[in-house]
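Data first, discussion second: the structure below is written as structure tokens.
The values are calculated or read from the model by the stated rules, or taken from the named source; none is laboratory data. Since the model is a prediction, treat every value here as computed from it, not as a measurement. Reconstructed Cβ throughout: ideal geometry from the backbone, glycine too, with neighbour counts over all protein chains shown.
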Amino acid sequence: MKRLKTPSIPLKSQSIMKQDNGRNIIMMHGYICSLKSTVAKKLAEKMGIPKLETKQLGAISSEMDKIWRYRLLATIVKNYARGDADFILDGTFGKKPFREAIYQLGDEANLGDIVVVRCVCEDDHEVWKRIKGRKENEDVCILEWANRKHDAIECDRYKGAMPSLIEVDTKNFVVRPLNTRSDFSRKVTENLTEIVGSFKK
């Protein structure tokens, strides 16, 4: 696999919540074609914060490619965490070790909240239609969706407790705040509700 240079993405000094230095991460999570990137793009625009997409770090054709991609992402996040801005990580984050690497960096950098936004679509026909409509398909991600191989997030721990978790049902256009630990996570919920509401129109 061709290795790409680490992208340089400027961060804006803009924060929603003054908690633990006011620096927070929104981590997108979900299977392929659950509209993670669509939701992340809208959320970044609405909240005025930057986002980093894992697909910017190169295509994946094997499990090792995916491991390399998330290791590189962790290095980039470590640099971002030195700043004073909130930001969004747009990726699948299906494996617990990939998420744990971000939680650890959050602890080390004394960040505020890490809000996991889990996008779901329980309609297999709808997901397959979305997959067919993609210009690029990653076989590894499709296989994960077909086998439902993501690690459960409810056992994750960040700062001694389950991270903030918001579920976005992109088939039925519903936002479910399953665990909101901070003012920032509640603000994210409000913005997601507005965004998903606009999908219905």
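Only a single item in (1) in a helix (DSSP H, G or I); (2) in contact with a Cys (Cβ under 7 Å, 6 or more places away or on another chain) is not met by residue 171, and it is number (1).
Every condition in (1) of a type outside the set (Phe, Trp, Tyr); (2) closer than 20 Å to residue 188 by Cα; (3) in contact with a Cys (Cβ under 9 Å, 6 or more places away or on another chain) holds for residue 85 except the one numbered (3).
Return a yes/no flag: does the stretch 170-177 have any residue that is modelled with pLDDT of 95 or more, under 22 Å from residue 121 (Cβ atoms) and basic (Lys, Arg). Within the stretch 170-177, one or more residues are modelled with pLDDT of 95 or more, under 22 Å from residue 121 (Cβ atoms) and basic (Lys, Arg). For the stretch 149-186, a residue qualifies if it is touching a residue at least 40 places away in the same chain (Cβ under 8 Å) and of a type in the set (D, E, K, R), and the qualifying residues are 149, 151, 156, 157, 159, 167, 169, 171, 181, 183.
From the list 122, 108, which residue is charged (D, E, K, R) and more than 18 Å from residue 158 (Cα to Cα)?
Unique residue meeting the criteria: 122.
Every listed requirement among (1) under 11 Å from residue 113 (Cα atoms); (2) surrounded by 20 or more Cβ atoms within 10 Å (Cβ to Cβ); (3) not hydroxyl-bearing (Ser, Thr, Tyr) is met by residue 168 save one, (1). Quick check, is residue 188 part of a strand (DSSP E or B) and on the phi < 0 side of the Ramachandran plot? Answer is no for this residue. Residue selection: residue 82 satisfies the criterion of being out of contact with any Pro (no Cβ under 8 Å at 6 or more places or on another chain), surrounded by fewer than 18 Cβ atoms within 10 Å (Cβ to Cβ) and not in a helix (DSSP H, G or I). Pairs meeting the criteria (first residue in the stretch 19-30 and buried (at least 24 other Cβ atoms within 10 Å of the Cβ) and modelled with pLDDT of 90 or more, second residue assigned to a strand (DSSP E or B) and acidic (Asp, Glu), beta carbons under 7 Å, at least 6 apart or on different chains) are 28/90. Does the stretch 111-128 include one or more residues that are modelled with pLDDT of 90 or more, assigned to a helix (DSSP H, G or I) and either surrounded by 18 or more Cβ atoms within 10 Å (Cβ to Cβ) or acidic (Asp, Glu) (or both)? No, the stretch 111-128 contains no residue that is modelled with pLDDT of 90 or more, assigned to a helix (DSSP H, G or I) and either surrounded by 18 or more Cβ atoms within 10 Å (Cβ to Cβ) or acidic (Asp, Glu) (or both). Scanning the stretch 85-127 for residues that are under 25 Å from residue 196 (Cα atoms), touching a residue at least 40 places away in the same chain (Cβ under 8 Å) and over 17 Å from the mean Cα position of the chain (by Cα) turns up 122, 123, 126, 127. For residue 179, the conditions (1) farther than 15 Å from residue 38 by Cα; (2) surrounded by 18 or more Cβ atoms within 10 Å (Cβ to Cβ) are fulfilled apart from (2). Filtered by the rule that a residue be touching a Ser or Thr at 6+ places or on another chain (Cβ under 7 Å) and within 27 Å of residue 183 (Cα to Cα), the stretch 56-91 gives 73, 76, 84, 85, 86, 90, 91. For the stretch 48-71, a tally of residues being buried (at least 18 other Cβ atoms within 10 Å of the Cβ) and in contact (Cβ under 8 Å) with a residue 60 or more places away in the chain returns 2.
Scan the stretch 95-110 residue by residue and report those that are surrounded by fewer than 22 Cβ atoms within 10 Å (Cβ to Cβ) and within 20 Å of residue 60 (Cα to Cα). Walk me through how you get there before you give the answer.
First, the residues of the stretch 95-110 that are surrounded by fewer than 22 Cβ atoms within 10 Å (Cβ to Cβ): 95-97, 100-101, 103-105, 107-110.
Of everything in the stretch 95-110, those that are surrounded by fewer than 22 Cβ atoms within 10 Å (Cβ to Cβ) and within 20 Å of residue 60 (Cα to Cα) turn out to be 95, 96, 97, 101.
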